[in-house]
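The values are calculated or read from the model by the stated rules, or taken from the named source; none is laboratory data. Predicted model, so just to flag it, every value in this text is computed and none were measured. Here Cβ is always computed from backbone atoms with ideal geometry, including for glycine, and neighbour counts include all displayed protein chains.
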Ligand code: NAD
Ligand code: TYD
């Protein structure tokens with residue numbers, strides 16, 4: 001079996017669902033259920049004995065050690081993290097605690113477990129750490145995309161904390177021989193994406209008749225990847241990645257934010273026309289820029305294509321259509337995750353905006 005951490009979050013839940021759709025290998029899903037973790041994303045697995053959900057902290061060494069001892073996983077895929085840049089600007093402490101300190105405790109528990117495995121199990125064991133392109137910093141318009149050897153230049157508390165965790169993972173391989181793999185992926189989008197991030201926020205706000213808040217001039221560029229493509233890349237790296245290596249994952253799909261927002265408006269105009277028949281683009285509002293806002297991210301995903309034969313299946317056009325269709329069909333999920341704490345965040349974060 002495998003142990004997935006953060007498997008009730010956006011990417012983790014997609015990963016667990018895809019994994020169990022393609023394999024009978026069981027999954028222990030360790031998730032703290034912070035505001036970003038939603039068991040509603042896993043309801044289709046209720047009663048499925050291949051999925052063992054445990055609510056807990058990756059930084060709880062006693063819990064992690066006992067789960068490892070009891071279930072003897074052959075691999076760990078570490079998604080658990082605080083993941084939202086804007087939240088890291090308002091309150092960096094949780095990011096330092098989870099992404100650095102708790103990841104360290106997880107690595108320690110895993111090192112002890114791995115050391116005590118017998119030779120064959122030790123040989124095949126893998127610790128796959130899920131990271132982000134944001135550790136590489138920001139690119140100008142004409143600079144080449146981030147390759148694996150690009151220097152780390154994180155600019156936000158979020159990306160700095162992820163960079164620190166990547167370094168710890170690397171050090172545990174270099175120093176202790178722990179068989180690690182690291183993936184650095186670009187911006188994901190798709191089902192179960194918490195509506196504080198750009199794409200789901202725009203869909204949910206548009207449908208609710210609320211402003212669509214575009215930071216600064218809206219010309220910041222991100223490289224978007226459909227979440228199921230990220231999940232297939234992770235499976236490929238787990239199967240065939242070379243121990244100690246880093247693989248960048250991306251969609252070859254750079255777009256300025258304003259183009260993303262306009263595309264969402266155009267598709268919603270077709271799929272769920274506003275009652276006044278005007279375009280959702282009328283709701284676009286330019287707001288104060290994010291402090292330290294990275295201008296451009298772009299991933300050079302040629303290593304994973306060349307060495308592991310992976311490439312994305314979805315284009316942005318096909319992926320965004322699937323995503324919007326999912327949000328239209330899953331209003332209950334949206335209503336569940338946008339109660340209470342979500343409302344407080346939205347009010348606090350956007351309150352100073354015109
Ligand atoms: P998310 O915020 O949607 O989910 C994170 C999950 O981790 C939640 O279910 C949360 O409850 C859980 N969690 C948080 N702290 C925990 C702890 N201490 N112990 C156990 N569980 C804990 O995040 P996501 O977007 O699914 O991202 C998953 C991973 O992928 C993160 O490591 C993130 O840095 C990385 N990543 C995300 C993107 C993206 O576009 N979303 C892109 C590249 C990499
Ligand atoms: P986000 O989804 O938070 O991902 P990240 O900051 O990790 O790339 O934001 C994506 C881009 O969209 C980023 O350039 C910030 C911008 N953005 C807005 O313009 N308005 C918003 O309300 C949000 C949440 C993001």
For residue 236, only one of the following conditions fails: (1) touching a residue at least 24 places away in the same chain (Cβ under 8 Å); (2) within 16 Å of ligand 2 (Cβ to nearest atom). What is its number? (2)
Looking only at region 107-119, decide whether some residue is part of a loop (DSSP other than H, G, I, E, B), away from ligand 2 (no atom under 16 Å from the Cβ) and within 25 Å of residue 338 (Cβ to Cβ). no
Going by the structure shown, is residue 259 without any contact (Cβ under 8 Å) to a residue 24 or more places away in the chain and away from ligand 1 (no atom under 14 Å from the Cβ)? yes
Considering only residues that are assigned to a helix (DSSP H, G or I), more than 15 Å from ligand 1 (Cβ to nearest atom) and under 20 Å from residue 334 (Cα atoms), which ones fall in region 37-86? 44
Only one of 172, 158 is closer than 17 Å to residue 100 by Cβ, buried (at least 20 other Cβ atoms within 10 Å of the Cβ), touching a residue at least 12 places away in the same chain (Cβ under 8 Å) and within 9 Å of ligand 2 (Cβ to nearest atom); which? 158
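Residues checked against (1) more than 23 Å from residue 339 (Cα to Cα); (2) surrounded by fewer than 20 Cβ atoms within 10 Å (Cβ to Cβ); (3) within 16 Å of ligand 2 (Cβ to nearest atom); (4) modelled with pLDDT of 95 or more:
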position	(1), (2), (3), (4)
1	yes, yes, no, yes
15	yes, no, no, yes
29	yes, no, no, yes
68	yes, no, no, yes
99	yes, no, yes, yes
Of the numbered conditions (1) touching a strand residue (DSSP E or B) at 6+ places or on another chain (Cβ under 8 Å); (2) modelled with pLDDT of 95 or more; (3) within 16 Å of ligand 1 (Cβ to nearest atom), residue 251 fails exactly one; give the number of that condition. (2)
Out of the residues in region 239-273 that are more than 16 Å from ligand 2 (Cβ to nearest atom) and buried (at least 18 other Cβ atoms within 10 Å of the Cβ), state the one that is nearest to residue 204 (Cα to Cα). 268
For the condition in contact (Cβ under 8 Å) with a residue 24 or more places away in the chain, within 15 Å of ligand 2 (Cβ to nearest atom), under 22 Å from the mean Cα position of the chain (by Cα) and closer than 24 Å to residue 96 by Cα, what is the one hit in 188, 205? 188
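Do we find that residue 269 is modelled with pLDDT of 95 or more and assigned to a loop (DSSP other than H, G, I, E, B) in this structure? Explain how you work it out, then say what you get.
Numbers: modelled with pLDDT of 95 or more: yes; assigned to a loop (DSSP other than H, G, I, E, B): no.
No: the conditions fail for residue 269.
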Kindly indicate which of 116, 29 is away from ligand 1 (no atom under 11 Å from the Cβ) and without any contact (Cβ under 8 Å) to a residue 40 or more places away in the chain. 116
Considering only residues that are part of a loop (DSSP other than H, G, I, E, B) and in contact with a helix residue (DSSP H, G or I) (Cβ under 7 Å, 6 or more places away or on another chain), look in region 272-293 and name the one that is farthest from residue 322 (Cα to Cα). 291
